[in-house]
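Quick notes on the structure that follows.
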Amino acid sequence: FDHADRVIVSGQNLIAISPRQGAAGYQLVQTAHPCPACGENTAPRAAFSHFPGDGDTSDTYVFDASASSDAQDASALSYRWDINGDGVWDTHFSADSVFSHDFDLPGTQFVRLQVKDSGGLTHSISQRITIRQRVDTGTSVRDSTAFLLQFNVTAEKVDRRRSKAYITDKDARRLYVVDLVTGFTEKYFEFDAMPERMAISPDDGQLYVGLRAQAHRDDWWKEDQNGYIAVIDLQRQAHVNTMQIAADPYDLVVTSTGKLIVSSGSGQSTDICAYDARTGDPLGRAGIRKWSRLALHPSENWVFAADAVLSDIQRFDISGAGIVADIDSPYHGAYRIGANVWATPDGNYLITRSGDVFSAPEMAFVANLTSLGVAINDLSINETNQTIIVAGSDASVYEYDLYTWEPIAVVDSIYNPQFILEDSEAILVISVDEPMSSLEELVFHNP
């Protein structure tokens, strides 16, 4: 009777009333009473209240079923809860009538209680509750040291309009905000899931943060995956929404029309998914390999994915309502591709992590950008100066001409340069170390 809403006594039998599995309505299941000579027993009556009555994602909800009753022996009742109305009990039967739960996501939830008496009879009730999204403005950091990052760096995005860097630390489950002018870490946002890579909307209004529910795994198949997207309002510097998605977020990009594209970090042959960036509603999906990094074409008609497993680039068409697999690179490892890809602002070229340049329309090889053996940890493109700034795998940072691919200048001997942060005032590099990393302003000299 695990899924029964109610069990009643009929003569020497018990009758369980249960929702039909995969269909509308109810079904009746009859079985012999385990103790027909024990005397008449009537089913208990379930009842519960909750506090707060009207709460948000920052609250701990307390559900109290102590008002439940039983005509024979109310002191022998046990209780279990389905906290999200999915038909699966989230707790086992317990004598404790009080249950607490934190809701990570805003929206409407149907909470179900089942009460069982000492004779095995049960009764269930449900209540609908609405959880608001808490607007979280973050926690201030008051002991920051200028240009020193006192946390581990997972990924970064730069809000150039406001000269702020947003940096994730997945192990601490935090998103930090760093002022690029002063170098001080100003605040952090804390999450229940692990923040990893991010995307900034083309209008610089929102930051979308991929939140991992667990570590990326080869055997977490796409049918079972889930994760979250946190939305940060960049003008208010506030966490204003969280959406659950049916994917394990690895990388993401977002269009000016509000289409969010997310690649999966788990499974092997897995999916790249399109969502409505405002609601989290799914718009479509296509096949992809795990651990694919993404680049949005300036036209916003295409997304390019760098496949680290096959050393390949795939192109996906997102010009319609969803996402459709288009073409892939003809080379499959014949040239340097690697596990990341960037699109140039004019939309004509793609630059790969391993240091080669390809044409965006045909994905045909064009040129070598970096020297052989030098991979690109990160890059930043400056349209005003028509330059590309590259953090190289050889402990150097390079400046290249955006259109000729020729080297212009170099900064040597930088410890582990992993990320380039560029705004209107300066170009900085994050030298990654643990447990602290540093921000260093770049001064180039001719190679």
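The values are calculated or read from the model by the stated rules, or taken from the named source; none is laboratory data. Since this is a predicted model, take the numbers as computed values, not measurements. Cβ atoms come from the backbone with ideal geometry, glycine included; neighbour counts cover every protein chain shown.
Things worth noting here:
- Selection count, the stretch 191-211, where residues are polar (S, T, N, Q) and assigned to a strand (DSSP E or B): 1
- For the stretch 89-111, filtering for residues that are part of a strand (DSSP E or B) and more than 19 Å from Asp59 (Cα to Cα) leaves 1.
- Restricting Leu369, Leu350, Leu379 to those that are over 32 Å from the mean Cα position of the chain (by Cα) and either modelled with pLDDT of 95 or more or within 23 Å of Tyr331 (Cβ to Cβ) (or both) reduces the list to Leu369.
- Hits in the stretch 279-295 (condition: within 20 Å of Glu196 (Cα to Cα) and not polar (S, T, N, Q)): Gly280, Ile288, Arg289, Lys290, Trp291, Arg293, Leu294, Ala295
- Filter result (surrounded by fewer than 20 Cβ atoms within 10 Å (Cβ to Cβ) and in contact (Cβ under 8 Å) with a residue 24 or more places away in the chain) within the stretch 272-284: Thr279, Gly280, Pro282, Leu283, Gly284
- Of all positions in the stretch 77-88, none carries a residue that is in contact (Cβ under 8 Å) with a residue 12 or more places away in the chain, surrounded by fewer than 17 Cβ atoms within 10 Å (Cβ to Cβ) and outside any loop (DSSP other than H, G, I, E, B).
- Test result for Gly338, at positive phi, small (Gly, Ala, Ser) and at pLDDT 95 or above: no
- Scanning the stretch 189-223 for residues that are surrounded by fewer than 20 Cβ atoms within 10 Å (Cβ to Cβ) and either among the hydroxyl-bearing types (Ser, Thr, Tyr) or within 27 Å of Met436 (Cα to Cα) (or both) returns Glu190, Asp192, Ser201, Ala213, Gln214, Ala215, His216.
- Taken over the stretch 130-146, the criterion of being more than 21 Å from the chain's Cα centre (by Cα), touching a residue at least 40 places away in the same chain (Cβ under 8 Å) and surrounded by fewer than 18 Cβ atoms within 10 Å (Cβ to Cβ) is satisfied by Thr130, Ser140, Val141.
- Leu211 under 30 Å from Arg132 (Cβ atoms) and over 16 Å from the mean Cα position of the chain (by Cα): no
Residues checked against (1) surrounded by 13 or more Cβ atoms within 10 Å (Cβ to Cβ); (2) assigned by TED's automatic domain parsing to the domain that holds Ala155; (3) more than 33 Å from the chain's Cα centre (by Cα); (4) outside any loop (DSSP other than H, G, I, E, B):
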| residue | (1), (2), (3), (4) |
| --- | --- |
| Thr404 | no, yes, yes, no |
| Ile408 | yes, yes, yes, yes |
| Gln418 | yes, yes, no, yes |
| Leu421 | yes, yes, no, yes |
| Val429 | yes, yes, no, yes |
| Pro435 | no, yes, no, no |
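- Extreme residue, nearest to Asn301 (Cα to Cα), among residues of the stretch 355-371 that are in a loop (DSSP other than H, G, I, E, B) and touching a residue at least 24 places away in the same chain (Cβ under 8 Å): Ala360
- Any hit, the stretch 397-419, residues being acidic (Asp, Glu), touching a residue at least 12 places away in the same chain (Cβ under 8 Å) and over 28 Å from Phe184 (Cα atoms): yes
- Checked against the criterion of being of a type in the set (Ser, Thr, Tyr) and surrounded by fewer than 16 Cβ atoms within 10 Å (Cβ to Cβ), the candidates Ser380, Ser354, Ser371 yield just one match: Ser371.
- Residue match in the stretch 248-256 (condition: of a type outside the set (Asp, Glu), within 11 Å of the chain's Cα centre (by Cα), buried (at least 23 other Cβ atoms within 10 Å of the Cβ) and not in a strand (DSSP E or B)): no
- Phe151 assigned by TED's automatic domain parsing to the domain that holds Leu421, in contact (Cβ under 8 Å) with a residue 12 or more places away in the chain and under 24 Å from Ala426 (Cα atoms): yes
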